[in-house]
Amino acid sequence: MIVIGVGGMGSAALHHLAGRGARVLGLEQFDIPHDLGSSHGVNRIFRLAYYEHPSYVPLMLRARELWHELEATAGESLVHVTGSVDAGPAEGDVFSGSLQSCRIHGLDHEVLEASSLNARFPGYRLPEDTMSLFQPDGGFVLSERCIVAHVEAALAAGARIQAREEVRDWASTPGGGVRVETTRGAYEASTLVVTAGAWTARMLPELTSLAVPERQVLGWFQPTSPELFTPARFPVFNLALDEGRYYGFPVFGAPGFKIGRYHHLEEATTADEVNRTVDRRDEELLRLALARCFPDADGPTMALKTCLFTNSPDEHFIIDSLPGYPQVIVAAGFSGHGFKFASVVGEILADLARAGQTSHDISMFALSRFR
Ligand SMILES: Cc1cc2nc3c(=O)[nH]c(=O)nc-3n(C[C@H](O)[C@H](O)[C@H](O)COP(=O)(O)OP(=O)(O)OC[C@H]3O[C@@H](n4cnc5c(N)ncnc54)[C@H](O)[C@@H]3O)c2cc1C
């Protein structure tokens, strides 16, 4: 079996495949890890209160178990629990969808008006009319360390993994397998798993309109009152404002309070053409939310980085075999919310690659929904 792309999802697939005794080769065009795709920048939000759709919650619960197993294997903490805040107008998707997920799945939660939330977590200064759902099990997952841990576990279980080797092309073979051509050689295998992130369309041109890269910007800003932004005092957030939907983290792993805006400037792009320079306009967009809701974090800039979302038309994932090619499995279109699931996506990809099916409910992620 061959896995194209050793990022968030590919590293997890390699771990699960090698762990089940499959002969597997992982090919990565850059370094492992690197900061040109979708998984860099220290961490990603991990939340169980899932406003996007309640059916993500069972997957999240399994993902959490698998992250804990990986922590035990790696001997390091990969998930940090801070609690999570999903906030916005009472009738908006973020607050009401998160509340619905918690109710349907019996997750612990508290509904807090802005004054109560601001008093309990004083780094927050949410506007008066904002409703918040606090879920105590949310937090963040260390995305780059997770890739390293998955790769190390896969290598220990016998996977072959090669970085700085770009896959140029692939084709099916007469026997129903695949042949892959890279910048260093050619390989044949029974099954191909494509976890190429923002480069998916280059490997699978039929997915060009279904897995669309979008430029994002992450910012780190040094708080003027750092004691309010520690993991013990500041839960991660997902916040719908009139200015847009923002997300953020306590200070951890890099200097500064980390914040981003979903869909940033709404710049669809390609992974090879994306503008990786960050300018004043990018920074000002992030500072809007700082000034309004986190004034004690509105200090000097520490870092600004670009990153890539890969959006599907309905912003739900794509996990399926490729029509006409049952030996090719694709996981793409994670639409800016996939990393927390990478562990369970790896398990699902191993199920599909080995048995052609999985016991997880992935019906929402089928390619047939776009026909
Ligand atoms: C700014 C930002 C914030 C985010 N916030 C969150 C969050 O808080 N919570 C959350 O759960 N998710 C979040 N996400 C989404 C999450 O990070 C992504 O869904 C996830 O990282 C996608 O993983 P991936 O494996 O698809 O992509 P990647 O990790 O980018 O991996 C794809 C890999 O494939 C390789 N590749 C591609 N083509 C080839 C080829 N031809 N040959 C060899 N290798 C190839 C690439 O080099 C890359 O390493 C965020 C994303 C961004 C950009």
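Meeting the requirement of 2 or more residues that are touching a His at 6+ places or on another chain (Cβ under 9 Å) and buried (at least 19 other Cβ atoms within 10 Å of the Cβ), the strands (runs of 3 or more DSSP E) wholly within the range 186-233 are 212-221.
Among the residues of the range 101-109, is there at least one that is within 16 Å of the ligand (Cβ to nearest atom), on the phi > 0 side of the Ramachandran plot and open to solvent by less than 40 Å² (accessible area, probe 1.4 Å)? Among the residues of the range 101-109, not one is within 16 Å of the ligand (Cβ to nearest atom), on the phi > 0 side of the Ramachandran plot and open to solvent by less than 40 Å² (accessible area, probe 1.4 Å), which makes the answer no. Taking (1) assigned to a strand (DSSP E or B); (2) surrounded by fewer than 22 Cβ atoms within 10 Å (Cβ to Cβ) in turn, Gly248 satisfies each apart from (2). If you check Ser335 against the conditions, is it open to solvent by less than 20 Å² (accessible area, probe 1.4 Å), more than 10 Å from the ligand (Cβ to nearest atom) and not in a strand (DSSP E or B)? Spelling it out, it is not the case that Ser335 is open to solvent by less than 20 Å² (accessible area, probe 1.4 Å), more than 10 Å from the ligand (Cβ to nearest atom) and not in a strand (DSSP E or B). Within the range 321-344, the set of residues being touching a Gly at 6+ places or on another chain (Cβ under 7 Å) and among the aliphatic types (A, V, I, L, M) comprises Ala342 only. Going through (1) among the hydrophobic types (A, V, I, L, M, F, W, C); (2) within 10 Å of the ligand (Cβ to nearest atom); (3) out of contact with any helix residue (DSSP H, G or I) (no Cβ under 8 Å at 6 or more places or on another chain) one by one, Ala63 falls short only on (3).
Which of the following residues is farther than 24 Å from Val85 by Cβ and among the small types (Gly, Ala, Ser): Ala291, Ala271, Ala254, Ala297? Lay out the reasoning, then the answer.
Numbers: Ala291 fails: farther than 24 Å from Val85 by Cβ; Ala254 fails: farther than 24 Å from Val85 by Cβ; Ala297 fails: farther than 24 Å from Val85 by Cβ.
Unique residue meeting the criteria: Ala271.
Filter the range 164-180 for residues that are within 16 Å of the ligand (Cβ to nearest atom) and outside any loop (DSSP other than H, G, I, E, B); which is surrounded by the fewest Cβ atoms within 10 Å (Cβ to Cβ)?
As a first pass, look at the range 164-180 and keep what is within 16 Å of the ligand (Cβ to nearest atom): 164-171, 178-180.
Within this subset, residues satisfying the condition of being outside any loop (DSSP other than H, G, I, E, B) are 167-171, 178-180.
Working: Val167: 22, Arg168: 13, Asp169: 11, Trp170: 21, Ala171: 9, Val178: 20, Arg179: 15, Val180: 20.
Looking at the filtered set, the residue picked out is Ala171.
Here Leu126 meets the list (1) open to solvent by less than 30 Å² (accessible area, probe 1.4 Å); (2) part of a loop (DSSP other than H, G, I, E, B); (3) near the ligand (Cβ under 10 Å from one of its atoms) almost entirely, failing just condition (3). Only one of the numbered conditions (1) within 9 Å of the ligand (Cβ to nearest atom); (2) surrounded by fewer than 23 Cβ atoms within 10 Å (Cβ to Cβ); (3) in contact (Cβ under 8 Å) with a residue 40 or more places away in the chain is not met by His34, and that is (3).
Restricting attention to the range 40-54, and to residues there that are touching a Phe, Trp or Tyr at 6+ places or on another chain (Cβ under 6 Å) and within 8 Å of the ligand (Cβ to nearest atom), which single residue is most open to solvent (accessible area, probe 1.4 Å)? Steps first, answer last, please.
The initial filter retains those residues of the range 40-54 that are touching a Phe, Trp or Tyr at 6+ places or on another chain (Cβ under 6 Å), namely 43-46, 50.
Still in the running and within 8 Å of the ligand (Cβ to nearest atom): 43-46.
Working: Asn43: 3, Arg44: 40, Ile45: 21, Phe46: 1 Å².
Filtering the range 40-54 for residues that are touching a Phe, Trp or Tyr at 6+ places or on another chain (Cβ under 6 Å) and within 8 Å of the ligand (Cβ to nearest atom), the one most open to solvent (accessible area, probe 1.4 Å) comes out as Arg44.
Of the residues making up the range 256-266, those that are surrounded by 15 or more Cβ atoms within 10 Å (Cβ to Cβ) and either of a type in the set (Gly, Ala, Ser) or out of contact with any Pro (no Cβ under 6 Å at 6 or more places or on another chain) (or both) are Gly256, Lys258, Ile259, Gly260, Arg261, Tyr262, His263, His264. The set of residues in the range 1-30 that are charged (D, E, K, R) and within 9 Å of the ligand (Cβ to nearest atom) contains only Glu28. Against the conditions (1) touching a residue at least 40 places away in the same chain (Cβ under 8 Å); (2) in contact with a Lys or Arg (Cβ under 9 Å, 6 or more places away or on another chain), Ala114 satisfies every one except (1).
Of the strands (runs of 3 or more DSSP E) lying entirely inside the range 20-95, none contains at least 3 residues that are closer than 25 Å to Phe221 by Cβ, under 15 Å from the mean Cα position of the chain (by Cα) and modelled with pLDDT under 95.
The values are calculated or read from the model by the stated rules, or taken from the named source; none is laboratory data. These numbers were taken from a predicted model, which means no experiment stands behind them. For neighbour counting, all protein chains shown are included, and Cβ atoms are generated from backbone atoms with ideal geometry for every residue, glycine included. In case anyone asks, the SASA skips ligands and DNA or RNA and just uses the protein heavy atoms, side chains included. Shrake-Rupley method; radii C 1.70, N 1.55, O 1.52, S 1.80 Å.
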